[in-house]
Amino acid sequence: MRKKRVLIDVNSTVDMFACGRHSGIARTTAELVRAIDGVRGEYPDLEIELFSQNFKGIGCRNLAAGMRGHHLWLRNIGWMKRLAKRLRLRESMSRYDLLHIPHNYDEVPYPERTVVTLHDALFMHIAEDRFDHMGMRKYVPELMQKCKHIITCSEYSKQDIVNTMGVAADKITVIPWGIKHEVFNMNVHKPADIVFPYLLSVSCNAERKRTDKIVDAYLDMWTPAMKQHLMLVWGNMPEWLSKKIENHPAASWIHIEKNVSDERLASLYRGATAMIFASSFEGFGLPLIEAMACGCPVVTADNSSLREIGEGAAIMLDEPIEESLREIITRIDNGEIDLKGYMEKGLKRASQYRWEAAARKTLDVYAQ
């Protein structure tokens, strides 16, 4: 019997290799592909191949995987993308039996032969212009209805997809993300260049991350007698917030790092007194388990998938978030919280999330 050919589209990883933009979807796609490469020998009836499309030749070859790669030398935007779909170029190059789109959406000619990883249904609740969420409301639900199967990363996201798009629950498989335990672990050295205690926040410019609320709470509670500094991993902080910090007496207590490597991020987690993640909505919440794996106590919002990952292993923030942040920052600075207990709980929780397990569950979906 002929092996069944599965094609994984890895275009979401291109910006990561081309210009260092390590989005959550890019990172998780890359790690999933590498983990699949490591365990695919356990599935002899499946032939796994990769696909990428751009003018620079970036994609399949950059993942350092042993799987065959197909590269289409066309830009992956606009009329060229539509042309590739109309001419079935991806399909004629690979002749796949099943296509896996791990990045929420794509234009596919055969949805009935397509598995889609929809990381969350955020766009059904919040309209962020920079991600074309209004557009996604129009075309993603239709693909979810027509595609062969859906993978998502949390029980919360599964139920949200069911509720907002009317997809049958048995069409969705939950496969939690993993983390690179070889990078994020207790053996990581604390940053040698940071000599003060600090609270850490890992963020981006999406408003739902509410990192500005963390900054505001810190500035509100700051006094010269405070022990904890505030460390922000933030590639492009809004100018208005930067000016607010610059004009505050605590300006020298707030530190910003941009475009850090995974190794530097792990070191920052390892050295932090606690990591604060106050997002109002997440399909998963990767920083939580990365921090936990490094022995960093986690403070997070009590909503969406953050509750699923954090409950019982993290300090949960109530709404209104501003009041809760001020209280928790003060209590941590005063030594009123058993952070060691949360560190131990977090280590146990993080050990449950492994890419090898995610890869096997994904291959199981392909096989089915």
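Here are the numbers for the structure shown:
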read-out	value
Test: residue in segment 339-347 that is aromatic (Phe, Trp, Tyr) and part of a loop (DSSP other than H, G, I, E, B)	no
Residue pairs meeting the criteria (Cβ under 8 Å; at least 6 apart or on separate chains; first in contact (Cβ under 8 Å) with a residue 24 or more places away in the chain, in segment 241-264; second assigned to a helix (DSSP H, G or I) and among the small types (Gly, Ala, Ser))	Ile245/Ala251
Residue check, Ala357 open to solvent by 20 Å² or more (accessible area, probe 1.4 Å), closer than 27 Å to Thr173 by Cβ and small (Gly, Ala, Ser)	yes
Single unsatisfied condition, Gly166 versus (1) small (Gly, Ala, Ser); (2) buried (at least 19 other Cβ atoms within 10 Å of the Cβ); (3) over 25 Å from Ile289 (Cβ atoms)	(2)
Flag if Lys4 is farther than 23 Å from Thr362 by Cβ and of a type outside the set (A, V, I, L, M)	no
Per-region count, segment 278-292, residues hydrophobic (A, V, I, L, M, F, W, C), touching a strand residue (DSSP E or B) at 6+ places or on another chain (Cβ under 8 Å) and open to solvent by 10 Å² or more (accessible area, probe 1.4 Å)	1
Leading residue by the ranking (most open to solvent (accessible area, probe 1.4 Å)) among those in segment 296-309 that are farther than 19 Å from Leu339 by Cβ and among the charged types (D, E, K, R)	Arg307
Among the residues listed as Val260, Val299, the single one being within 26 Å of Ile126 (Cβ to Cβ) and within 18 Å of the chain's Cα centre (by Cα)	Val299
Test: Gly38 is in contact with a helix residue (DSSP H, G or I) (Cβ under 8 Å, 6 or more places away or on another chain) and either crowded, with 16+ Cβ neighbours inside 10 Å or farther than 24 Å from Phe284 by Cβ (or both)	no
All positions within segment 188-229 that are open to solvent by 20 Å² or more (accessible area, probe 1.4 Å), farther than 14 Å from Leu265 by Cβ and either part of a helix (DSSP H, G or I) or in contact with a Lys or Arg (Cβ under 9 Å, 6 or more places away or on another chain) (or both)	Phe196, Pro197, Asn205, Glu207, Arg208, Lys209, Asp212, Lys213, Asp216, Asp220, Met221
Matching residues, segment 200-217, being touching a helix residue (DSSP H, G or I) at 6+ places or on another chain (Cβ under 7 Å) and hydrophobic (A, V, I, L, M, F, W, C)	Leu200, Val202, Ile214, Val215, Ala217
Identity of the residue in segment 98-109, at pLDDT 95 or above and in contact with a helix residue (DSSP H, G or I) (Cβ under 7 Å, 6 or more places away or on another chain), that ends up most open to solvent (accessible area, probe 1.4 Å)	Leu98
Check on Leu232, hydrophobic (A, V, I, L, M, F, W, C), part of a strand (DSSP E or B) and open to solvent by less than 50 Å² (accessible area, probe 1.4 Å)	yes
Failed item in (1) surrounded by fewer than 16 Cβ atoms within 10 Å (Cβ to Cβ); (2) small (Gly, Ala, Ser); (3) in a helix (DSSP H, G or I), with Gly312 passing the rest	(3)
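The values are calculated or read from the model by the stated rules, or taken from the named source; none is laboratory data. Quick caveat, the model's predicted, so the values are computed rather than measured. Every residue, glycine as well, gets a Cβ built from its backbone with ideal geometry; the counts of neighbours run over all protein chains shown. The area values use the complete protein model at the heavy-atom level, side chains included, leaving out ligands, DNA and RNA. Shrake-Rupley method; radii C 1.70, N 1.55, O 1.52, S 1.80 Å.
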